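Shown next, in structure tokens, is the structure this report addresses.
The values are calculated or read from the model by the stated rules, or taken from the named source; none is laboratory data. Everything quoted here is computed from the prediction, not taken from an experiment. When we count neighbours, we look across all protein chains shown, and the Cβ atoms used for this are built from the backbone with ideal geometry, even at glycine.
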Amino acid sequence: MSARSALALTLSLAILGAPLGGAAHAKPKTVGKSKRFEMVLQGAVDLSEGVAEISAFDPASQRLFMVDGSAILKVVDLSDPANPVELPGAAIDVDADLFAHTGIPAAEANSIAIRNGLMAVAVAADPATDNGFVAFYDTDGTYLYNCRVGALPDMLTFAPNGTALLVANEGEPGDAADPEGSISIIDMQSVLRRRNCDDARDVHTADFRAFNPARAALIEKGVRLFPGKSVAEDLEPEYIAVSADSRYAWATLQEANSLALVDIPAAEIVDILPLGLKNHRRPDMGLDASDEDGRIRIRRWPVYGMYMPDAIASFGRDYLITANEGDDRGEDERIGDIELDPAAFRNPARLQKEKNLGRLGISSIDGDPDGDGEYEWLQSYGARSFTIWDGRGRKVFDSGDFIARLTARKAPDLFNADNGDPAEFDTRSDNKGAEPEGVVVGRYKGRTLAFVGLERGPGGAIGLDVTNPNRPRWFDYVRRDNDVSPEGMLFISDAESPTGKPLLVLSHEVGGTVTVYEISERK
């Protein structure tokens, strides 16, 4: 471990360390209301093959490019947002291009980003446990070159100043191998200057090996690690946000309930920041924990939620906003199937009834520190919220049970439903609720706006004014019946938008639709 990393770890242990808490709990604050902005539906397109995931926009051609769960890039003409049109003839076969130039097959394209007419696509190899690629294209679909990165590149993003492209290599285990997670930093100045990618020269991959000796210390300060794995094998970067000055990046480590802090110029992971736990017993922090009570029942329970964010975005002076989806690796158990320590819980039998906490999924590897088989506390997956943090991973604001209460009011028949189906009402209450998954941030009219996408329940997106990160206010919630499971969210600024006003593009993984909203001031 470098001196820089060692110092960062020492400071974190001294300041943030706590086995249960990690980041300190802020005093509960509720989401306010703003009437200034609204999200106005423009148009939608139902894609062929029925899958839409991550998208990127090229303002010069006014085209939207997106990955769809295969190695094909779909293309949509967005010159008229009220009438988006898929262009099947413009689709790009990334697998064929990579195989022609490398002889290596591609499993799927996972992420895409565009800057100044250059398109970068994160591509998993086949098998996905092998090192993957970033394939580069012109926005006319011409293949240019590729860089080799880590295993299972799942997300990529350009630094704001364009000097680097950052890639989250998730490194998920396969049947025969468990590759390490990592973050690749591609020197775009070098790549663009030579119009090619030299892996040895241009790709700097930061791994977590330096943290292997600090495993016990990381667990002590709240980083969630699994038994039987090294730190480097355990941590799986999911999503990346970059600071406005392009010096630092933060990567979500979802299953570890933590963030990785990356020094971009040094191409080094300098710290791992635990996010702590959310106390669902506190006011305005409740949840509906049962899928067997047949109703909406949001209340306070003696459960700690692990934030476990999926998407992350940065804004202002190193503020972060996360969508706290939650995830497991098969270690989940229902509260009704475990033993509760009677010294820690009043009336365990009552709590474990199916209409109360009995159906709620919790982590079997947390909450029983003495290993006697009786759980002293309960940790559930995801916080069912969005959270604003500072750059050191300290909580500034959490939305509490706002998302549950908003969706209960706006779409009660679809509350915590699966795939937006009224017949599935309440079926996700025992399993992460509405699952806030996506988040994007943009600026308009001097305000900082954030948008949070909901994978389950009624789906849709919530619009927020986060100009004051201590007091976010929501201004709109939108959804359509045909839009199921938004996977990708894209903010198009007013300067690049075909309409002259910002656009929000939602790509739906299950519904296969791409829907466009315009952000405008209310009249």
> Out of (1) over 20 Å from the mean Cα position of the chain (by Cα); (2) in a strand (DSSP E or B); (3) surrounded by 22 or more Cβ atoms within 10 Å (Cβ to Cβ), what's the single condition that is false for residue 462?
Replying inline: (1)
>> With the requirement that a residue be assigned to a loop (DSSP other than H, G, I, E, B) and within 12 Å of residue 512 (Cβ to Cβ), what does the stretch 474-496 give you?
In response: 482, 483, 484, 485
>> What's the number of the only condition in (1) in a helix (DSSP H, G or I); (2) polar (S, T, N, Q); (3) under 21 Å from residue 98 (Cα atoms) that residue 189 fails to meet?
In response: (3)
>> Exactly one of these conditions fails for residue 397: (1) outside any strand (DSSP E or B); (2) in contact with a Lys or Arg (Cβ under 7 Å, 6 or more places away or on another chain); (3) surrounded by fewer than 24 Cβ atoms within 10 Å (Cβ to Cβ); (4) not acidic (Asp, Glu). Give me its number.
In response: (1)
> What are the residue pairs meeting all of these: first residue in the stretch 312-331, first residue closer than 23 Å to residue 173 by Cβ, second residue among the polar types (S, T, N, Q) and part of a loop (DSSP other than H, G, I, E, B), Cβ atoms under 7 Å, and 6 or more apart or on different chains?
Replying inline: 331/364
> Can you tell me which of 443, 456, 471, 428 is touching a residue at least 40 places away in the same chain (Cβ under 8 Å) and part of a strand (DSSP E or B)?
Replying inline: 443
> Which one is surrounded by the fewest Cβ atoms within 10 Å (Cβ to Cβ) among residues in the stretch 239-287 that are more than 22 Å from residue 385 (Cβ to Cβ) and either at pLDDT below 95 or polar (S, T, N, Q) (or both)?
Replying inline: 246
> Name the residues in the stretch 146-169 that are out of contact with any helix residue (DSSP H, G or I) (no Cβ under 9 Å at 6 or more places or on another chain) and either in a strand (DSSP E or B) or buried (at least 22 other Cβ atoms within 10 Å of the Cβ) (or both), would you?
Replying inline: 150, 151, 152, 153, 154, 155, 156, 157, 166, 167, 168, 169
>> Given (1) of a type in the set (Phe, Trp, Tyr); (2) within 24 Å of the chain's Cα centre (by Cα); (3) farther than 14 Å from residue 65 by Cβ, identify the lone condition not met by residue 136.
In response: (3)
> Any residue at all in the stretch 88-103 that is of a type in the set (Phe, Trp, Tyr) and assigned to a helix (DSSP H, G or I)?
Replying inline: yes
> Which ones in the stretch 317-342 are surrounded by 14 or more Cβ atoms within 10 Å (Cβ to Cβ), outside any loop (DSSP other than H, G, I, E, B) and either out of contact with any strand residue (DSSP E or B) (no Cβ under 9 Å at 6 or more places or on another chain) or of a type in the set (Gly, Ala, Ser) (or both)?
Replying inline: 323, 336
